[in-house]
Amino acid sequence: MDKIKVGDTFTISDDMTEEQEMEVMAIMTVEDTDYVAVSFVEDLTGEENDDIDIFFMKIDDDGDLDQLSSDDEFQKVSKAFDEFVDAEDEDDTEE
């Protein structure tokens, strides 16, 4: 797989084989592992941006996306994403 970048889109299929397009919103490294924050493209392009579902995925050694393996891993990545967003908000305020 090519190197994943913010803004990349990909399609996933759910259990009912319904396809959803996802967009990479952020890439972060937590404890030497790379992760992405993704959301549904439909949510990101909609009129109301107040209620956007964000999902986290791990980038494996081959550059492919994989599910998180535990609640602890989710908590670590979620905290890192919150800190990332807070830092971005501070940068936007300073400009």
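Each reported figure results from applying straightforward, stated rules to the coordinates on display, with no laboratory input. Predicted model, so just to flag it, every value in this text is computed and none were measured. FYI the Cβ positions are ideal-geometry reconstructions off the backbone, even for glycines, and counts take in every protein chain you see.
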Take the range 9-94, compute every pairwise Cα distance, and split them into 5 Å bins from 0; I just need the percent in each bin. 3, 13, 21, 22, 22, 13, 5, 1, 0, 0
What does the charge add up to near Thr9, with Lys and Arg as +1, Asp and Glu as -1, over the other residues with Cβ less than 11 Å from its Cβ? -2
Excluding exposed DSSP-loop trypsin sites (Lys or Arg not before Pro) (at most 14 other C-beta within 10 Å), longest clean stretch of the chain: 6-95
Which residues in the range 23-52 place their backbone N less than 18 Å from a point set 7 Å from the Cα of Asp72 along the Cα-to-Cβ direction? 30-34
Projecting the Cα atoms of Ala87, Gly46, Ile12 onto the charge dipole of the chain, where Lys and Arg contribute +1 and Asp and Glu -1 at Cβ, the residue farthest towards the positive end is Ile12
